[in-house]
Each structure stands twice: as C-alpha cells, then as structure tokens.
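A.B. asks: Starting off with a structure, shown below.
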Amino acid sequence: MNNELIFEKAAPILAQLEKAGFDAYYVGGAVRDYLLNRPIGDVDIATAALPEEVKRVFSKTVDVGIEHGTVLVIWQGDGYEITTFRTESDYKDFRRPEKVSFVRTLEEDLKRRDFTINAMAMDRHGTIVDPFGGKAALQSQQIQTVGKAQERFSEDALRMMRAARFASQLGFQLHIETEEALSRCASLLEHIAVERKLMEMDKLLAGKEAAAGIKILLEGGLIAYLPGLLGQEQRINKMLSYDLNKLTGIQKWLLLLVLLAPHKPGDWLKKWRMPAKKIKYLAGTYETALKQQKEEWTDFSLYEAGVDQAMDAEAVNALLAGRPSKAEELKNRHADLSIHTRKELAITGKELKEWKNETGGPWMKSYIEMIERAVVERKVENSKEKIKEWLEACNLL
Ligand code: ATP
Ligand code: MG
C-alpha cells in the first residue's frame, strides 16, 4: 500500500479522537518516512487522551502497554498503536525509564523523542508539526538528538545504537555534536539490555548503508559494549573492505561470523539472545559456508543445506573470494533436484518393513539415509518400484 493510502486509512481514527475532544497526530517514524518518500512501516498515533479514554472511544482495543500509555486499536482489520502524549522522567541507570508521566500537549511528547527527524508529528490534514527542525535535518541528511546529545545519551544509552542504525537505514550523517557525545558516552551502552541492542543491530545490518552504521559503532567505540565484539575491532574493520550492499541482513550476520570465526558459533549467537530458530539457521549456514570454501557444491550438499542456506553461504563466500556469486545458479540447481526433503521420498519405513519382513529398528534409519542419498544423486529413480529393485540389486532385501 502506498504511503498516502496508509494515512488515508488511519485518518478516521484521528477524527474520532478529535470528535471526542482529544488532539491526535501521526508521530515518529511514519512522519519521517512519509517526508522522505520511503515506504512507511507502522503508523504510530499520539493523542492527548489517556489510555482509558482511548478505550472508551473505540470498540475494539487491546491493552498492549497501558503502563506506557499504549493501547492497540483494531480498525478495519488493522492494528494501530495509540500512545498518550507522555514524557519520560527519572531515567535510571542510563536505561529507558520504567515509569512515564502523561502530558496533555504534543510538544512535550515530541521533546522526549530521540532524534529531530523522529520528533515530528502530522495531523490528519497533512499539516506537519516540527518544533525541533526535523524537516531541515531531513534536508541536510543529519541525525541530531533533540536537545543536548550527551544528556539524551545518558538518559537512554540505546539511542547511540539507534543513531548508527538510522545512519545505515537512511544513509545520513551524524550531526557533529551528536557524534562527539556518542564517543564520550559509548561506555554507557554497557547498561542496555541485549534484546534492545539486537533489535537495533538487526536493523543496522539490514540497512542500505550498513558500512556507515558499522563505522559509527567502530569510531564511536560502541563495539566494545556489544555481545562478543569486545576487542574485535580489527576484524570488524575488515568487514568494511567488502561491498556489503551485495548482502542481505542475515548474510551480513554470516559474514561477521566468518570473519570472527568464534570457537562455538552457536554460543556466540546466543550471547546476542537471538531467537533459537535464527541461531540454528545461522550456525548451520556458517558450517555450510566453511565446508563449501573447500569443495564444490554437489547435488547432495545442496540437498543437505537447503536452498536458503546454500544461497546465503554462497553469497558470503563469493564476496570473500572476490568472485561473482553463483547463488542464482544454485537456486535453479536446487529446484531441479529429484527430491528436496525426506518427505518427498517415494517410500517410508512402512514399505521397508514389509519388504524386509522385519520390525522397525535402527536399521531403518540407515536404510532411509542410503536411499535418500541414492535418489538425490540420481543413482535410483524416486519410485517405489525402482527403489525396491535397487535395494535388491544391492543385496539389501
Ligand atoms: P522504524 O521504521 O524502524 O520502526 P521508528 O522511527 O518508527 O523506526 P521505533 O523504534 O519504532 O522507530 O520508535 C518509534 C518512535 O519512538 C521513534 O520515531 C522515536 O520518535 C521514538 N523512540 C523510539 N525509541 C526511542 C528512544 N530510545 N528514545 C527516544 N525516543 C524513542
Ligand atoms: Mg516504528
């Protein structure tokens, strides 16, 4: 859906809140991305209404973060987060505060936001509210904190990573004061929960100017406070010698792994508190990448890796070796394989038991593996008959 349409769809929500007597605006990333003509993600709405008041205005709501003032409103099948204008006070330990205070004006709400480009609002008629020069910062492509950078980074140290992440996503520079404060405050990142760091790192690596984001992490000294990266500045610097735009976000994680070569990649990824599924995928792809640096892809290695792992490993290996990627070719080769999973085998344990007239046991697993390999390598056709003939010819029945 295009940006205009997204706002058009959400406009009646603002109208309803206004009708009930509460100011309401689009805020944050959606306004920024709209002005930049980038595809907008979520439409966040800020309002003077308290959570209870929001819930009275709409029939379908979900309490997603009442203590932070956020209510999810379900509107024509889509969910919209509506957050009461708030300030954040009493920052403790350089982290986001636990408690927030609600306020009745938009301006106070915008003031607590991290960067000027993120501190704009738009009403339902398209009028922009921009008290901190966000539009000018978009023009000059600068990331600048709202208020004194050092204070804002001391309140919530994650903002330093967010600065690097936006530099990557938008291709913007840091404003000089923001950059200097980032270097001074880097060590405060130590107090930030890994989960929050991971979210920003994921977005940073997926950004179109990931190298610029990584440079900020390096030059600002943030690297030392990221999981598993202490003392790895040189290796990360090496990452910058490659054209990272050739890789997807996950492939950039993989490149990082290959360059760091941790003893136990799974444990290294665990330090980042990644979801188990992603750890498994990345650690598996890492092994595949290392293996394929030493040998050619065969049908069976493609089958074992699966198409996603094969393509990701190949993209990274090609970049490291300075040769064109064969990922597309591998994708086609994988599509042409006789089978893609064990489930596609024409036989199961049931046939094996019948043919051998035996009860199940460990022998079945090795039979299945042998047949699987023979079918993938096209030594035998994937049909019940042919597999049976082949087993007989091998004296296995
Ligand atoms: P994205 O497109 O990645 O979602 P976003 O700008 O919407 O980018 P979010 O993390 O979703 O970023 O945050 C929404 C808004 O909340 C931001 O635009 C900013 O105004 C404010 N914000 C988020 N995190 C912080 C923070 N740590 N400190 C101050 N303001 C923040
Ligand atoms: Mg957002």
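A.B. asks: Kindly provide the set of residues from segment 14-29 that are surrounded by fewer than 22 Cβ atoms within 10 Å (Cβ to Cβ), in contact (Cβ under 8 Å) with a residue 40 or more places away in the chain and either within 16 Å of ligand 2 (Cβ to nearest atom) or hydrophobic (A, V, I, L, M, F, W, C) (or both), ordered by number.
C.D. replies: Correct list: A15, G29.
A.B. asks: Read through the list (1) crowded, with 20+ Cβ neighbours inside 10 Å; (2) more than 16 Å from ligand 2 (Cβ to nearest atom); (3) among the aliphatic types (A, V, I, L, M), then give the number of the only condition that L204 fails.
C.D. replies: It is condition (2) that L204 fails.
A.B. asks: In segment 49-66, which residues are surrounded by fewer than 21 Cβ atoms within 10 Å (Cβ to Cβ) and not in a helix (DSSP H, G or I)?
C.D. replies: L50, F58, S59, K60, T61, V62, D63, V64, G65
A.B. asks: Still on this structure, I have one more. Assess whether R184 counts as being of a type outside the set (S, T, Y), touching a residue at least 12 places away in the same chain (Cβ under 8 Å), surrounded by fewer than 17 Cβ atoms within 10 Å (Cβ to Cβ) and more than 16 Å from ligand 2 (Cβ to nearest atom).
C.D. replies: Yes.
A.B. asks: Restricting segment 138-151 to residues that are assigned to a helix (DSSP H, G or I) and in contact with a helix residue (DSSP H, G or I) (Cβ under 6 Å, 6 or more places away or on another chain), which is farthest from ligand 2 (Cβ to nearest atom)?
C.D. replies: Of segment 138-151, the ones assigned to a helix (DSSP H, G or I) are 138-140, 149-151.
After this cut, where a residue has to be in contact with a helix residue (DSSP H, G or I) (Cβ under 6 Å, 6 or more places away or on another chain) as well, the list is 138, 149-150.
Working: L138: 16, A149: 22, Q150: 25 Å.
So, considering only residues that are assigned to a helix (DSSP H, G or I) and in contact with a helix residue (DSSP H, G or I) (Cβ under 6 Å, 6 or more places away or on another chain), the one farthest from ligand 2 (Cβ to nearest atom) is Q150.
A.B. asks: Find all pairs meeting these conditions: Cβ atoms under 7 angstrom apart; at least six residues apart or on different chains; first residue within segment 296-322 and of a type in the set (D, E, K, R); second residue assigned to a loop (DSSP other than H, G, I, E, B).
C.D. replies: The qualifying pairs are D299/L337; D299/E377; E314/S325; E314/K326.
A.B. asks: Further question on the same structure: Could you please give the count of residues in segment 222-241 that are in a helix (DSSP H, G or I) and more than 23 Å from R196 (Cβ to Cβ)? Explain how you work it out, then say what you get.
C.D. replies: Step one: list which residues in segment 222-241 are in a helix (DSSP H, G or I), which gives 223-225, 233-239.
Those left that are additionally more than 23 Å from R196 (Cβ to Cβ): 234-235, 237-238.
Selection size over segment 222-241: 4.
A.B. asks: Give segment 316-341 a look and list any residue that's in a loop (DSSP other than H, G, I, E, B) and either of a type outside the set (K, R) or exposed (fewer than 14 other Cβ atoms within 10 Å of the Cβ) (or both), or say none.
C.D. replies: Let us first name the residues in segment 316-341 that are in a loop (DSSP other than H, G, I, E, B), namely 322-326, 336-341.
G322, R323, P324, S325, D336, L337, S338, I339, H340, T341, listed by residue number.
A.B. asks: Scan segment 145-158 and give yes if some residue there is out of contact with any Leu (no Cβ under 8 Å at 6 or more places or on another chain), farther than 24 Å from L255 by Cβ and among the β-branched types (V, I, T), otherwise no.
C.D. replies: Among the residues of segment 145-158, at least one is out of contact with any Leu (no Cβ under 8 Å at 6 or more places or on another chain), farther than 24 Å from L255 by Cβ and among the β-branched types (V, I, T), which makes the answer yes.
A.B. asks: With the structure loaded, tell me whether F166 is over 27 Å from D243 (Cα atoms) and in a helix (DSSP H, G or I) or whether it fails that test.
C.D. replies: no
A.B. asks: When the residues of segment 30-65 are narrowed to those that are of a type in the set (G, A, S) and more than 12 Å from ligand 2 (Cβ to nearest atom), which ends up farthest from L5 (Cα to Cα)?
C.D. replies: So the residue we want is G65.
A.B. asks: Take segment 34-48 and flag every residue that is surrounded by fewer than 20 Cβ atoms within 10 Å (Cβ to Cβ) and in a helix (DSSP H, G or I).
C.D. replies: Within segment 34-48, L35 is the sole residue that qualifies.
A.B. asks: Can you name the residue in segment 110-140 that is surrounded by fewer than 19 Cβ atoms within 10 Å (Cβ to Cβ) and more than 18 Å from I40 (Cβ to Cβ) and is also farthest from the chain's Cα centre (by Cα) among such residues?
C.D. replies: Looking at residues that are surrounded by fewer than 19 Cβ atoms within 10 Å (Cβ to Cβ) and more than 18 Å from I40 (Cβ to Cβ), I get P131.
A.B. asks: Regarding L244, is this residue over 16 Å from L198 (Cα atoms), surrounded by 15 or more Cβ atoms within 10 Å (Cβ to Cβ) and touching a residue at least 40 places away in the same chain (Cβ under 8 Å)?
C.D. replies: Judged against the criteria, L244 is not a match.
A.B. asks: Also: Return the pairs, sorted by first residue and then second, in which the second residue is modelled with pLDDT under 95 and β-branched (V, I, T), the first residue lies in segment 105-121 and is under 11 Å from V146 (Cα atoms), the beta carbons are less than 7 Å apart, and the residues are 6+ apart or on different chains.
C.D. replies: R112/T87
A.B. asks: Restricting segment 167-181 to residues that are among the small types (G, A, S) and surrounded by 19 or more Cβ atoms within 10 Å (Cβ to Cβ), which is farthest from the chain's Cα centre (by Cα)?
C.D. replies: Taking the candidates together, the pick is A181.
A.B. asks: Follow-up question, since we're still on this one. Looking at G213, G231, G220, G249, which one is out of contact with any strand residue (DSSP E or B) (no Cβ under 8 Å at 6 or more places or on another chain) and at positive phi?
C.D. replies: Details: G213 fails: at positive phi; G220 fails: at positive phi; G249 fails: at positive phi.
Checking each option against the conditions leaves just G231.
A.B. asks: Oh, and also: Could you tell me whether L257 is under 23 Å from I192 (Cα atoms) and in the same structural domain as C185 (by TED's automatic domain parsing)?
C.D. replies: Judged against the criteria, L257 is not a match.
A.B. asks: Looking at segment 91-137, which of the residues that are assigned to a strand (DSSP E or B) and of a type in the set (A, V, I, L, M, F, W, C) is farthest from ligand 2 (Cβ to nearest atom)?
C.D. replies: So the first thing to find is which residues in segment 91-137 are assigned to a strand (DSSP E or B), and the list is 100-102, 115, 121-122, 128-129.
Now narrow it down to the ones that are of a type in the set (A, V, I, L, M, F, W, C): 100, 102, 115, 121-122, 128-129.
Values: V100: 18, F102: 21, F115: 13, A121: 14, M122: 15, I128: 18, V129: 18 Å.
Among them, the one singled out is F102.
A.B. asks: Yes or no: E190 among the charged types (D, E, K, R), in contact (Cβ under 8 Å) with a residue 12 or more places away in the chain and either surrounded by 14 or more Cβ atoms within 10 Å (Cβ to Cβ) or out of contact with any helix residue (DSSP H, G or I) (no Cβ under 9 Å at 6 or more places or on another chain) (or both)?
C.D. replies: no
A.B. asks: Which members of segment 37-61 meet the condition of being more than 11 Å from ligand 1 (Cβ to nearest atom), more than 20 Å from K111 (Cα to Cα) and within 25 Å of the chain's Cα centre (by Cα)?
C.D. replies: N37
The values are calculated or read from the model by the stated rules, or taken from the named source; none is laboratory data. For clarity, every value in this text was computed on a predicted model and none was experimentally measured. Ideal geometry is used to build each Cβ from the backbone, glycine not excepted, and the neighbour counts take in all protein chains shown.
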